[in-house]
Amino acid sequence: MQVVFAKSVQGESHKRREQEIENLKNNRTFPCQDKSLAGEFTSGDGIKFTFLCACDGHGGASYFRSDKGADFAIQVLQDILIRNMKRINELAVNGEFKKIKEQLSLAITKRWKEKVVNDISENPITELEYQYLSEEKPETVEKYKQGIGVTSIYGCTMIAYFATESYWYALQIGDGDLAISYDGKTFEMPMPEDAECFLNQTTSLCDDNAVNEFRWISNTTIPQFVFCSTDGIANSFKDNTTLISNFYLPVSQLFNEEDQYEKCHQCKNNICDIKCRFELCKVEIENYLPLLSKKGSGDDITLVLAVQIDDAKIQSILNYLRGTKLYKNGQKDKGITLLKQASLLGNNKALERLGDKCVDAIIKVNESQRKKLVSNALRYYTDAYENSKDPSILLKIDNLKRDYQTELLENV
């Protein structure tokens, strides 16, 4: 099972500018210039693929239509992939990944500039746009009126990822980050660096030499987690190490937290429970991104991700959910059986729940049965703690050892 997500939010600094007296009086807005997309698609040749894309429209007075430029970039690459995945796959099978970059970068820049030129033709720069530009960059007004460098008003960066069953490929121009994890515990940022991206300077689709400014990376092993993010996220942290430990890892752990299972109580069946669980993860991320901009960079922020959840994980969730419901509804034996099945698949919540059930039953049984229950509870709690390192489970282990020291010694 795969979960995909894309969200772009307006930067806190843009919101503050909108509240300035002059801008309120003129009803002037500063919209989010980031755009994003995540989805599972089928090409015209019937090839299924995952596609993630994050584009960051440039800030600054000279780039007053960069939000449209970011939209155009996503539209262009999505259409190129849908139309050409068969050819891309042929190149991938032959290991010609550099050639994929060469052909994609050429197609993207050509079609993006076509869209930009068409939009300028259909929607010429307005007097109001010139007025706002003259307030901050008066020297640029005349240049644009002469048609010089006018495509810059749509300038944006792009970071994109696509994957089939047999390989993944990422392509980037400008700043932003690609982070991947194959085990959900460690992350790497494999995209080659661009020496031209420094401080507020970045390469861009509006550059004259854009076709040669793309960089790429690929692999034949599909990651468990993939993140594409614009620089508004990275600039909220002091360095990449902090970015990984304080952002990418906590976000990835949302999809592994078994407590998320029980946050939605409206589900009528277990499949819905799983879908709701992942929707709750998405909502939590969506709610956090504006706060990150406020406390961090102040810039627009985009996060795009794909998460692979393996079949065993899904089955363990199903068994846990069904077992918990059966137990609560009085079908305790059937519930315990499913919880045990979930625990064998590594479900930490099921292990902890089984330990709790053993502890609850201790006071209701004779001495012989008590020893067995204490031993089982310790085993369940220990396995749950080894998998999760949750301090609350460690506390349960300590309490069990303290309260039933005699029983545990007799079991040795």
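Conditions (1) under 25 Å from Asp177 (Cβ atoms); (2) touching an Asp or Glu at 6+ places or on another chain (Cβ under 6 Å), marked per residue:
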site: Leu37; (1), (2): yes, no
site: Gly46; (1), (2): no, no
site: Ala61; (1), (2): no, yes
site: Ala70; (1), (2): yes, no
site: Gln78; (1), (2): yes, no
site: Lys86; (1), (2): no, yes
site: Leu104; (1), (2): yes, no
site: Lys110; (1), (2): no, no
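The residues in region 109-136 that are charged (D, E, K, R) and surrounded by 15 or more Cβ atoms within 10 Å (Cβ to Cβ) can be counted, and the count is 5. Taken as a whole, the condition of being in the same structural domain as Gly296 (by TED's automatic domain parsing) and in a strand (DSSP E or B) does not apply to Glu22.
Scanning region 350-361 for residues that are farther than 14 Å from Thr337 by Cα and buried (at least 19 other Cβ atoms within 10 Å of the Cβ) gives Glu352, Val359. Here are some conditions: (1) buried (at least 19 other Cβ atoms within 10 Å of the Cβ); (2) in contact with a Lys or Arg (Cβ under 6 Å, 6 or more places away or on another chain). Asp177 meets all but one. Which one does it not meet? Result: Asp177 passes all but (2). Restricting region 151-162 to residues that are under 23 Å from Asn84 (Cβ atoms) and over 15 Å from the mean Cα position of the chain (by Cα) leaves a set whose member that is surrounded by the most Cβ atoms within 10 Å (Cβ to Cβ) is Cys156.
Listed by position, the helices (runs of 4 or more DSSP H) contained in region 269-349 that have at least 1 residues being under 24 Å from the mean Cα position of the chain (by Cα) and surrounded by 15 or more Cβ atoms within 10 Å (Cβ to Cβ) are 270-295, 311-328. If you go through region 178-224 and keep only what is aromatic (Phe, Trp, Tyr), outside any loop (DSSP other than H, G, I, E, B) and modelled with pLDDT of 95 or more, you end up with just Trp216.
A quick yes/no check of all residues on (1) in contact with a helix residue (DSSP H, G or I) (Cβ under 7 Å, 6 or more places away or on another chain); (2) surrounded by fewer than 20 Cβ atoms within 10 Å (Cβ to Cβ); (3) under 27 Å from Ile314 (Cα atoms); (4) touching a residue at least 24 places away in the same chain (Cβ under 8 Å):
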| position | (1), (2), (3), (4) |
| --- | --- |
| Gln2 | no, yes, yes, yes |
| Glu18 | no, yes, no, no |
| Ile21 | no, yes, no, no |
| Gln33 | yes, no, no, yes |
| Glu40 | no, yes, yes, yes |
| Ser43 | yes, yes, no, yes |
| Cys55 | yes, no, no, yes |
| Ala61 | yes, yes, no, yes |
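The values are calculated or read from the model by the stated rules, or taken from the named source; none is laboratory data. Since the structure is predicted, the reported quantities are computational estimates derived from the model, not experimental observations. Methodologically, a virtual Cβ is constructed for each residue, glycine included, from the backbone with ideal geometry; neighbour enumeration extends over all protein chains shown.
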